[in-house]
């Protein structure tokens with residue numbers, strides 16, 4: 001083991017110093033950078049078993065400092081992730097913040113959190129991703145890598161690290177994600193006949209027959225539901241709000257007015273009449289800006305409340321496994337039914353509020369008809385036969 005060095009003069013500001021730390025049984029290299037605004041001393045350190053090793057690390061540290069970075073020897077990946085979660089996501093939705101925090105706490109910090117950020121290597125990230133690929137879907141894997149990349153980039157902007165090693169790795173293929181489903185025509189008919197006269201029935205009708213997002217239904221008010229518009233025009237609903245921050249819809253094109261089928265308009269009329277009767281019975285005044293689907297306190301319903309009632313409706317409709325379905329799949333079912341009816345993808349994209357057909361094809365590709373069938377359908381009409389497919393029974397897909 002190397003001998004303990006003799007005491008030398010104190011290094012000046014900005015100078016490198018190397019000394020023996022008896023408690024750590026290591027040589028320590030440090031650069032004095034003065035004081036931070038809070039009065040703490042800025043003195044990044046490196047450690048090694050020999051002076052030669054420490055000098056090499058100091059040269060690397062000095063290069064990073066010359067490039068503008070001021071890395072800390074003790075700043076960890078976990079601290080970088082938590083700093084990004086606390087300060088790098090300003091203005092994001094609460095639900096988005098909770099999702100990022102959950103993924104970070106469950107998949108990033110437990111595996112990499114204790115590693116010193118300036119010592120993190122590409123191989124470390126590669127090994128971590130390979131291990132996670134065995135348990136996460138490709139989409140979840142993409143998200144956790146994005147969290148690491150953005151956390152390191154946030155630290156890099158603050159001068160805590162010289163490079164972002166997470167940018168140098170390739171994303172492996174994860175496990176297949178949960179495929180989205182859509183209702184068959186027979187299933188949709190069964191759903192539309194279940195729990196008639198209840199708010200969840202009206203909620204399902206608006207999603208399944210009009211294509212309104214569940215996040216757009218929950219804050220919907222009666223002033224935006226037009227079941228008997230002036231001039232004898234078709235009934236319609238103004239999809240202008242969502243439960244997102246500031247009430248904005250998901251995108252600019254998501255703010256739209258959608259015509260309602262006559263069946264949907266009739267259901268909404270009945271639902272409004274029930275609410276008006278309840279108001280009269282309670283001695284309360286009816287207001288057009290009242291919520292269409294309020295909870296018991298008059299506030300917008302939570303997504304969990306809607307999901308719970310949807311699954312109860314599916315159970316009544318004869319579904320063997322209602323828990324396998326989500327509210328989002330009412331919208332994919334709307335797309336599927338439209339596509340099966342021969343509606344062009346450009347029209348479907350406009351109705352569901354997508355800026356182009358790309359998102360519609362990517363997100364709902366399993367619900368869109370993959371085969372060009374117009375020619376075959378025309379020939380079936382020209383040369384009809386007795387052999388035709390029969391509709392599926394009402395069972396879970």
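The values are calculated or read from the model by the stated rules, or taken from the named source; none is laboratory data. As the structure is a computational prediction, the values presented were derived from the model and not from experiment. With ideal geometry, Cβ positions are generated from the backbone for all residues, glycine too; neighbour counts draw on all protein chains shown.
Within segment 60-69, the presence of a residue that is part of a helix (DSSP H, G or I), buried (at least 18 other Cβ atoms within 10 Å of the Cβ), modelled with pLDDT of 85 or more and not assigned by TED's automatic domain parsing to the domain that holds residue 215 is excluded.
Yes/no matrix, rows are residues, columns are (1) in contact with a strand residue (DSSP E or B) (Cβ under 7 Å, 6 or more places away or on another chain); (2) assigned to a helix (DSSP H, G or I); (3) free of Cβ contacts under 8 Å to residues at least 12 places away in the same chain; (4) within 26 Å of residue 43 (Cα to Cα):
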position	(1), (2), (3), (4)
80	no, yes, no, yes
91	no, no, no, no
97	no, yes, no, no
126	no, yes, no, no
141	no, yes, no, no
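Please indicate, with yes or no, whether at least one residue in segment 316-333 is in the same structural domain as residue 191 (by TED's automatic domain parsing), at pLDDT 85 or above, exposed (fewer than 15 other Cβ atoms within 10 Å of the Cβ) and not in a helix (DSSP H, G or I). Yes, segment 316-333 contains a residue that is in the same structural domain as residue 191 (by TED's automatic domain parsing), at pLDDT 85 or above, exposed (fewer than 15 other Cβ atoms within 10 Å of the Cβ) and not in a helix (DSSP H, G or I).
Residues satisfying the criterion are present in segment 286-303 (criterion: assigned to a helix (DSSP H, G or I) and modelled with pLDDT of 75 or more). Answer with yes or no whether residue 150 is free of Cβ contacts under 8 Å to residues at least 24 places away in the same chain and assigned by TED's automatic domain parsing to the domain that holds residue 103. So residue 150 fails the test.
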